[in-house]
Amino acid sequence: MKSDTASVTLRGGTFHIGNGEIIHDGHLLFKNGKITYIGTEEQSADRIIDVSDQHVYPGLIAINTNLGLTEVDAVRATRDFQEVGQYNPHLRALIAYNTDSEIIPTIRSNGILLAEIAPRGGIISGQSTVVQLDAWNWEDAVICDTAAFHLNWPALYRYNRAEQRTEINKDYASQVRKIDEYFSEASAYGKMEHPYPVNLKLKALSSLLKKETPVFVHVNDEKAIRDVVQFGKKKGLPIVLTGASDAWKIADELAEKKIPVILGPTQSLPRNVDTDIDQPFKTPKILQEAGVLWCFSHSGSWDQRNLPFQGGQAVAFGLDQEAALTGMTLSTAKILNIDQAYGTLEKGKSATLVISDGNILDPPTSIILQAFIDGREIDLDNKQKKLYRKYGEKYNILR
């Protein structure tokens, strides 16, 4: 989709760059979808927007979501994020992405303007994609066709429903060995000049391995994380830990080996009974202090709207506020390899930004007033706001 060609200046607000810096009483100029100036000097433009006493942020980025792949979680016919079979490296989430989802506008209303759309299920779920959240179709939406492919690592423990207790996964070693063998088979397949018969799954995986496409490995327990790190080293894979609830236990090691972490929802209970009840809230600060490249994520689709408030909660547990913002802007962009265009408010980058009446990380004060994607102002209305107006008018409760 084309950007508006008129130049626009945001004048007089507090600009949160996304890399830890803040500019007070600043000015930002953009044209043709790109930021051409940000600083403290006044800029002339075709359109002036007064943002005095307001806050300007980079558009937030939701990562590891199934947004646009599901509409009503309880209705099977609306769920299109998982295919049959255990190994599906050839599947692309992009072509199933539904830009007409009623959920997407509710996400934009909270300042989330970009998202990584990821498949689910099986051992290798498929290929994820990065999209901007204001498009007519998936061709218009795409920013990065294949951002990563998703590998679900076997769990060390599993729940025995019959006996209602957690027990050790006795098949863990054999399951890991099968994954190792599958990757070796794909690598060998990719070295064949004219493989016959053609195996689309192995062909896709071997191509991803040759391109050094990031592998987002869904894993949580400490030992399993260590096994994933070793697996990545053995295979020469660019590993990104996803979920990684125990990453805080080996934060220094992850920082040393430069392994990024996509945290699962931090507004949750710990996985282990002997872990501090507030450990998920404290984990972002631990990773930050260790020097790990990490970012926030949330689960599912509609609940992505609560992504910024995870950052706010982490601030209450010691994380610097600007570091929390970076954890859903620049750090996310780096992990997705789109930081050359998105993630911060800097000259030359995309004018994808949010104007808020208050602190975007704080539920009571976060009121999103305007938003732009690639310099194009977007509509912040949604189905929930329409229903609020409809019934508010009916029962005379509008404020």
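The values are calculated or read from the model by the stated rules, or taken from the named source; none is laboratory data. Quick caveat, the model's predicted, so the values are computed rather than measured. Ideal geometry is used to build each Cβ from the backbone, glycine not excepted, and the neighbour counts take in all protein chains shown.
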Inset, instruction - Look at Glu116 and say whether it is modelled with pLDDT of 95 or more, of a type in the set (Asp, Glu) and either on the phi < 0 side of the Ramachandran plot or crowded, with 23+ Cβ neighbours inside 10 Å (or both). - result: yes
Inset, instruction - Would you mind finding the one in Gly312, Gly327, Gly300 that is under 29 Å from Leu29 (Cα atoms), at pLDDT below 95 and either outside the structural domain of Phe15 (by TED's automatic domain parsing) or touching a His at 6+ places or on another chain (Cβ under 9 Å) (or both)? - result: Gly312
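Yes/no matrix, rows are residues, columns are (1) assigned by TED's automatic domain parsing to the domain that holds Leu151; (2) of a type outside the set (Val, Ile, Thr):
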position: Thr5; (1), (2): no, no
position: Val8; (1), (2): no, no
position: Phe15; (1), (2): no, yes
position: Ile35; (1), (2): no, no
position: Gly39; (1), (2): no, yes
position: Arg76; (1), (2): yes, yes
Legend entry - strands (runs of 3 or more DSSP E) lying entirely in region 99-215 (those with 3 or more residues that are over 25 Å from the mean Cα position of the chain (by Cα) and not acidic (Asp, Glu)): 157-160, 165-168
Inset, instruction - Under 6 Å between Cβ atoms, at least 6 apart or on separate chains: pull out the pairs that start in region 191-214 with a residue that is farther than 21 Å from Phe231 by Cα and end on any residue that is assigned to a helix (DSSP H, G or I). - result: Pro195/Tyr189
Inset, instruction - Report, by residue number, each residue of region 68-88 that is surrounded by 21 or more Cβ atoms within 10 Å (Cβ to Cβ), of a type outside the set (S, T, N, Q) and either modelled with pLDDT of 95 or more or touching a Pro at 6+ places or on another chain (Cβ under 8 Å) (or both). - result: Leu69, Phe81
Inset, instruction - Being under 23 Å from Asn337 (Cβ atoms) and not in a loop (DSSP other than H, G, I, E, B) is the filter; apply it to region 39-61 and report the residue that is farthest from the chain's Cα centre (by Cα). - result: Tyr57
Legend entry - Scope region 351-376; condition closer than 18 Å to Arg47 by Cβ and under 22 Å from the mean Cα position of the chain (by Cα); matching residues: Ala351, Thr352, Leu353, Val354, Ile355, Gln370, Ala371, Phe372, Ile373, Asp374, Gly375, Arg376
Inset, instruction - Spot the failing condition for Leu336; the list is (1) under 19 Å from Val56 (Cβ atoms); (2) surrounded by 24 or more Cβ atoms within 10 Å (Cβ to Cβ); (3) of a type outside the set (Gly, Ala, Ser), and only one is missed. - result: (1)
Legend entry - Cβ-Cβ under 6 Å pairs, at least 6 apart or on other chains, region 296-316 side under 22 Å from Thr70 (Cβ atoms), far side of a type in the set (Ser, Thr, Tyr) and modelled with pLDDT of 90 or more: Ser301/Thr70; Gln304/Thr65; Arg305/Thr106; Gln310/Thr266
Inset, instruction - List every residue pair whose Cβ atoms lie under 9 Å apart, where the two residues are 6 or more positions apart in sequence or sit on different chains, the first residue falls within region 40-54 and is over 17 Å from Ser356 (Cα atoms) and surrounded by fewer than 18 Cβ atoms within 10 Å (Cβ to Cβ), and the second residue, located anywhere, is at pLDDT 90 or above and among the acidic types (Asp, Glu). - result: Thr40/Asp25
Inset, instruction - State whether one or more residues within region 298-313 are surrounded by 24 or more Cβ atoms within 10 Å (Cβ to Cβ), at positive phi, touching a Ser or Thr at 6+ places or on another chain (Cβ under 6 Å) and not in a helix (DSSP H, G or I). - result: no
Legend entry - Residues satisfying the stated conditions in region 324-343, i.e. of a type outside the set (A, V, I, L, M) and either touching an Asp or Glu at 6+ places or on another chain (Cβ under 9 Å) or assigned to a helix (DSSP H, G or I) (or both): Thr326, Ser331, Thr332, Lys334
Inset, instruction - Search region 215-249 for residues being surrounded by 20 or more Cβ atoms within 10 Å (Cβ to Cβ) and without any contact (Cβ under 8 Å) to a residue 40 or more places away in the chain, and hand back the single one that is nearest to Gln175 (Cα to Cα). - result: Ile225
Inset, instruction - Taking the residues in region 20-39 that are within 21 Å of Gln321 (Cβ to Cβ) and in contact with a strand residue (DSSP E or B) (Cβ under 9 Å, 6 or more places away or on another chain) as candidates, determine which candidate is surrounded by the fewest Cβ atoms within 10 Å (Cβ to Cβ). - result: His24
